[in-house]
1. Using Cα springs under 10 Å in a Gaussian network model of the chain, which residue among VAL42, VAL254, VAL158 shows the largest mean-square fluctuation?
2. Rounded to the nearest whole Å², what accessible area per residue is found for the stretch 88-141 with the 1.4 Å probe?
3. For the stretch 138-151, what does the Karplus curve 6.51 cos²θ - 1.76 cosθ + 1.60, with θ = phi - 60°, yield as ³J(HN,Hα) per residue in whole Hz, taken in order and with x for Gly and Pro?
4. Antiparallel DSSP bridges in the chain: what percent, to the nearest 5?
5. Cβ under 11 Å from ARG48's Cβ, ARG48 left aside: what net charge do those residues give with Lys, Arg +1 and Asp, Glu -1?
6. Plugging the Kirkwood radius over Cα pairs into Stokes-Einstein for the stretch 73-140, at a temperature of 25 °C and a viscosity of 0.890 mPa s, what D comes out in µm²/s?
7. Kirkwood hydrodynamic radius of the chain from all distinct Cα pairs, in Å?
8. When Lys and Arg each count +1 and Asp and Glu each count -1, what net charge do the other residues less than 9 Å away from ASP198, Cβ to Cβ, add up to?
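The values are calculated or read from the model by the stated rules, or taken from the named source; none is laboratory data. None of these values were measured; they are calculated from a predicted model. Cβ sites come from the backbone with ideal geometry, for glycine too, and all protein chains shown count toward neighbours. Side chains are part of the model used for accessible areas, which takes the heavy atoms of the whole protein and leaves out ligands, DNA and RNA. Shrake-Rupley method; radii C 1.70, N 1.55, O 1.52, S 1.80 Å.
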Amino acid sequence: LNAIESLASVTMLCTDKTGTLTEAALRVVGVEPAAGADRDAVATAFGRYAAAMPSRNATLEAIHAAGLGPGGPAEHPAAQVPFSSRRRWGALELADERLVVGAPEALLADDRELAGRAHGEAARGRPVLAVARAAGPLPGPAPDAPLPAGLEPLGFVVLAERLRDDAERTVEFFEAEEVALKILSGDAPATVGAIARDAGIAGAEDGSREDDGDGPALNGERLPADDEGLLAAIREAPAIGRISPEDKERVVRVLRESGEYVGMVGDGVNDVPALKKARLAIAQ
């Protein structure tokens with residue numbers, strides 16, 4: 001009961017991201033074709049690849065769940081090169097074509113315009129996956145296998161972390177109650193800023209911060225050393241990425257000492273120092 005009453009006094013609510021605003025899953029938010037390519041054909045290529053891949057990671061599961069393919073039973077690949085984090089691509093040989101899927105840096109080098117668009121999405125905190133058609137045969141599945149010959153970039157898919165179903169509604173509620181929200185996360189600033197935009201947190205729609213290029217979020221690795229500078233930076237930004245547990249605690253302390261009634265929401269060990277420093281700690 002004491003905590004419920006305390007919540008009525010909160011003026012600033014800090015929260016972690018993963019597990020609080022987002023679920024442990026990705027979603028497809030866009031399909032971008034190369035110049036002259038058909039968007040539906042690119043979506044179908046991704047869908048066929050995801051459906052035919054014998055073992056799918058979280059990214060391919062999101063593509064498969066988006067229903068981008070033609071439907072029907074999954075194809076059985078004649079050959080495959082499993083994805084490797086070392087070379088950052090994987091490939092399948094299907095009935096009528098060979099498809100290569102992987103990081104834009106690996107697959108889009110020959111299409112500067114498409115690579116630039118993919119880089120722009122990645123800079124906004126969006127995971128990006130490219131697809132290309134190969135003319136040559138697939139190599140053996142070695143970690144350092146070379147790309148197949150005759151690679152033709154087709155396009156890329158843009159993904160995002162999946163917001164919890166009630167995240168936007170919850171953000172709107174706190175805004176109506178005049179409670180400011182701040183995301184504190186160890187993830188990359190661009191990723192954290194993208195989630196802040198998706199959730200509708202005030203200040204996140206302003207786009208990139210010209211001083212650091214990390215989007216609307218602060219970079220926790222470059223926070224001001226003095227408390228006064230930190231307080232000013234926090235008030236301007238809706239989120240902080242790449243922040244350590246110690247700096248989460250420092251952020252809560254600085255806000256509290258400035259007169260804010262600070263609540264902290266968190267569900268991980270990294271959140272414990274900040275939870276203990278807050279006036280109100282909420283752990284799921």
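1. Among VAL42, VAL254, VAL158, the largest GNM mean-square fluctuation belongs to VAL254.
2. Numbers: 2410 Å² over 54 residues.
Per-residue accessible area for the stretch 88-141 comes out at 45 Å².
3. 6, x, x, x, 7, x, 10, 4, x, 4, x, 6, x, 6
4. Details: 29 of 46 bridges.
Among the beta bridges of the chain, antiparallel pairing accounts for roughly 65 percent.
5. Values: positive: none; negative: GLU75, ASP96, GLU97.
Around ARG48, the surrounding residues sum to -3.
6. Working: Rh = 12.9 Å.
Approximately 190 µm²/s, per Stokes-Einstein.
7. Numbers: mean 1/r = 0.0485 Å⁻¹.
One over the average 1/r among Cα pairs gives 20.6 Å for the chain.
8. Details: positive: ARG197; negative: GLU161, GLU168.
For residues surrounding ASP198, the net value is -1.
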